[in-house]
Each structure stands twice: as structure tokens, then as C-alpha cells.
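Structure first, commentary second.
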Amino acid sequence: MKISEPGQTFVAPPRRQPSHRFALFNLGFRPLYLGGAACAAVALALWLLVLRGVPLSGGYLIKLDPVAWHAHEMVFGFAAAIIAGFLLTAVRAWTGMPTARGFALALLVATWLVARVLVWSGPAVPAAVIDSLFLPAAALLLLRTLHRAGNRRNYFLVPVLLLFGLLNALFHYFMLHGEADFALRCVMASVGIIVLLVSVITGRVVPMFTANAIPGFVSRRWRPVDLAVPPLTLLALLADAVQAGPFVVATLAALACAAHVARLVMWRSYAVRRPPILLILHLAYAWIPVGFALLVLSAFGVVPHTLAMHAFTAGAIGGAIIAMITRTARGHTGKPLTADRRDIASYTLVMAGSALRVFGPLVAPQFFLFWITAAGLCWIVGFGIYVVAYALPLCRPRADGKPG
């Protein structure tokens, strides 16, 4: 005990959480970001081995259709984990109410992890059932917090997650009944939902983050464009998923492309050069109009449809994910919101991998396997760096001693 001098007032130092305490299940972003990033690296490594003809033992989905397994795991394994982790963290900040933690969060993560193992190696029905439980469970956990807080503005997130989960269940249903084409269309529709979430959430935060990071920077927002972006985004991608016809898809995709370009121009994204933790958000968003432009071309058979899909999945979704999982992890572990060399390496590799996967086959389609391999390796290393860099911080309490 410290004794103060006469006339002095003793002020006890602030109590800090012990640095050795295990904090992985304190908040949703911790285990789900870590697991999602690891899933991206491992799933892509396995996918590259499959493409190279390396014999791998597996069950259910990988035996039925390796392409469907790859598409499913990148959307319903990797992206779904990150989305759930982000929302369980963001809703706590938006409402001031606690979200799932401790045992409830651990149970949710265990459901996701067991599903990943079973989808690769397990029997079909248990794999389909357990995997289909994850997103509805995350939606119900979010609903509980939103209801307690009376936060009606964000109620829309619950039906969006439930629809996402329904598409996952339908994917399994179609695969189990030998309808791989319909299953892959469920994946495409889910990509539309994720791109919608990316456009809505980035539309809320990117102008604010830009103004905070660059003093004096002026960007504009035009309400008609902001109102048009969500429905055009979803309608164009859903029309593509259900094969509404080339003219319908091309028209909706062109309108969506124009709306997103208008947003980027109003945000003055072309003038953003630094800091890297901000620039990556603008670069990721720029992939959305690129994806819609490619979707217009693919509707008329000018470019392969898969290039448009990878502009959305690898470029927009992958870029937004690496941007947000570094930013959120730094902010919610008490670290400064400044990208270090490992973060910048992750940004560079994910963006490079996306560019190789989308534009490489356009330039030299005869080297298609090379482009896929190079892109996959970039992503494996990029997300692997994240796992290595953030594994310990995500398992430890916040550096500033605050809860979460």
C-alpha cells in the first residue's frame, strides 16, 4: 500500500485486466475473425491441391462436387463467420447492450467449426443439419440484443441473416438431391446478400472514416443514390442467380454499376491515397462496380461469368473483410487504428490475389490454372499473416483494460 505525503491526495492507479486472462470468447469478433481468416487460408490451400489433382480423402460435399465445396466454404464458411463476428461486435457498439459472449458465443463458434469439419469429411445429413444451424443461431442472438435495446433501425439484419441461412440450407438440400446447379445458384444469391451488406455498411462508415482520417477532406452523399444502391445491388445479383435473361441482368447490372460509381465519385475515392487502413476500404468498394460491369459483359457471353463472380467475392467481399477484420481487431483490442507492416502486407496480397484471379484469365486465358494458383497463394499468405499477427491479441484482454 502506498502512503501519500501530508497534504497530497492519493489517487489509486486504474485497475487493468490481467494480461494473462483468456479473452477469446469476450466478444464475437475475436473467435469468428480468427476462425474465418484461418478458414480462408486452409480452404484455399485444399482447393489448390484439388485443382492440382492431389488425392485427398474427404466425405460428403468434396466427393459430390469439389467446385460446389469450394464455393460453399468461401461463402458459407469463411464469409459467414466474418459477417457473424462483425455483427455481434457492431450491434454491441450500436446499442450499448451486451451481445453473445462466454458459453453462448463458444457454442456458436463450435457449431461453425464442427460444420467445417463435417462438410469436408463427415456424413452428409449431420453435416447439412449442423452447418444450417449456424446463421439462424447468430440471427437469434442478434435479435435478442436488438429487441432488448429497442434498436429498430437495425432489425433488418435479422431477416437478412435468416435469408442467408435459408439459402445455405437450400444449398445442402439441392446437393443431397443431385441438383448441383440449383445449389450453386443459392451460392450466387448469397453473394448478392453479402454484397448488399457490404454496400450498406460501408455506405454508413466509409465517409465518416475518411473525414476522421484526413482532416479537411470533403466528400458528399446524395440521398437518391444511397437509396438506389441497395435495391439495385440485390435485384441485379438475384436476377443473375435465377437466370432472368441477358437483357434483364445486363440492364439491372448496368444501373447498379452506375449507382456505385456515382457513390465513389461523391466520396472522392479517387483522391484517397493514405492511410492504408482507409485506402483498403475504398479499393474494396471499387470492386463492386467492376463486378457489375463484368456482369453486364458476361450476360452477353463476352467474358466468363465466373470472372464477374470473383470480382464480387474475391475483390469486394474479400477486400472488405480484410479491411474490417484488421480495423475492428485493432480498435477492439485497444491498439491504435494504424495499419502496421503486416496489415499492409495482408491488404496488398488480398488485392493482388483478387486482381490475378479476375484479370489474369482475361489477359492470358491459356494460363488459367497459373492465375488461379497465384491468386490462391496470395490469399493464403495474406490471411495467414492475419492469423499469425492477431492470434495472441484476440486471445488476450484489451490492451487498454476496457471490457470486450
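The values are calculated or read from the model by the stated rules, or taken from the named source; none is laboratory data. Keep in mind it's a predicted model, so treat the numbers as computed, not measured. Don't worry about glycine lacking a Cβ; one is built from the backbone with ideal geometry, like all the others, and counts go over all protein chains shown.
Residue under question is LEU133, and the condition is that it be of a type in the set (A, V, I, L, M, F, W, C), more than 16 Å from the chain's Cα centre (by Cα), modelled with pLDDT of 95 or more and closer than 24 Å to GLY318 by Cβ; does it hold?
Numbers: of a type in the set (A, V, I, L, M, F, W, C): yes; more than 16 Å from the chain's Cα centre (by Cα): yes; modelled with pLDDT of 95 or more: yes; closer than 24 Å to GLY318 by Cβ: no.
So LEU133 does not fit the description; no.
From the set of residues in segment 75-100 that are touching a Gly at 6+ places or on another chain (Cβ under 6 Å) and of a type outside the set (Val, Ile, Thr), which is surrounded by the fewest Cβ atoms within 10 Å (Cβ to Cβ)?
Here the residue is LEU88.
Condition check: within 25 Å of ALA374 (Cβ to Cβ), modelled with pLDDT under 95, more than 22 Å from the chain's Cα centre (by Cα) and not charged (D, E, K, R). Does LEU61 satisfy that? Working first, answer last.
Working: within 25 Å of ALA374 (Cβ to Cβ): no; modelled with pLDDT under 95: yes; more than 22 Å from the chain's Cα centre (by Cα): yes; not charged (D, E, K, R): yes.
So LEU61 fails the test.
For a quick check of your reading: which helices (runs of 4 or more DSSP H) sit entirely within segment 299-396 and have at least 1 residues that are among the basic types (Lys, Arg) and either modelled with pLDDT of 95 or more or under 25 Å from LEU46 (Cβ atoms) (or both)?
Numbers: elements: 305-310, 318-332, 341-363, 368-395.
Fully inside segment 299-396 and qualifying: 341-363.
Just name the residue that is farthest from ARG396 (Cα to Cα) out of those in segment 22-74 that are aromatic (Phe, Trp, Tyr) and crowded, with 20+ Cβ neighbours inside 10 Å. Spell out how you get there, then give the answer.
Taking segment 22-74 as the starting set, the residues that turn out to be aromatic (Phe, Trp, Tyr) are 22, 25, 29, 33, 47, 60, 69.
If we keep only those that are crowded, with 20+ Cβ neighbours inside 10 Å too, we end up with 29, 33, 47, 60, 69.
Details: PHE29: 13, TYR33: 14, TRP47: 32, TYR60: 36, TRP69: 34 Å.
Ranking the candidates gives TYR60 first.
Considering (1) buried (at least 23 other Cβ atoms within 10 Å of the Cβ); (2) among the small types (Gly, Ala, Ser); (3) modelled with pLDDT of 95 or more, say which one ALA106 fails and leave the rest.
With (1) buried (at least 23 other Cβ atoms within 10 Å of the Cβ); (2) among the small types (Gly, Ala, Ser); (3) modelled with pLDDT of 95 or more applied to ALA106, the lone miss is (1).
Would you pick out the residues in segment 221-232 that are closer than 24 Å to LEU279 by Cα and surrounded by 11 or more Cβ atoms within 10 Å (Cβ to Cβ)?
Quick first cut of segment 221-232, residues closer than 24 Å to LEU279 by Cα only: 221-223, 225-226, 229-230.
ARG221, TRP222, VAL225, ASP226, VAL229, PRO230 - these are the residues of segment 221-232 that are closer than 24 Å to LEU279 by Cα and surrounded by 11 or more Cβ atoms within 10 Å (Cβ to Cβ).
Can you confirm whether ALA253 is farther than 16 Å from GLY203 by Cβ and buried (at least 17 other Cβ atoms within 10 Å of the Cβ)? Full working, then the answer.
Working: farther than 16 Å from GLY203 by Cβ: yes; buried (at least 17 other Cβ atoms within 10 Å of the Cβ): yes.
Judged against the criteria, ALA253 is a match.
Outside any helix (DSSP H, G or I) and surrounded by fewer than 20 Cβ atoms within 10 Å (Cβ to Cβ), is that true of ARG274? Quick ask: steps written out before the conclusion?
Details: outside any helix (DSSP H, G or I): yes; surrounded by fewer than 20 Cβ atoms within 10 Å (Cβ to Cβ): yes.
In short, yes.
Within segment 219-238, can one find any residue that is within 15 Å of HIS305 (Cβ to Cβ) and among the polar types (S, T, N, Q)?
No, because not a single residue in segment 219-238 is within 15 Å of HIS305 (Cβ to Cβ) and among the polar types (S, T, N, Q).
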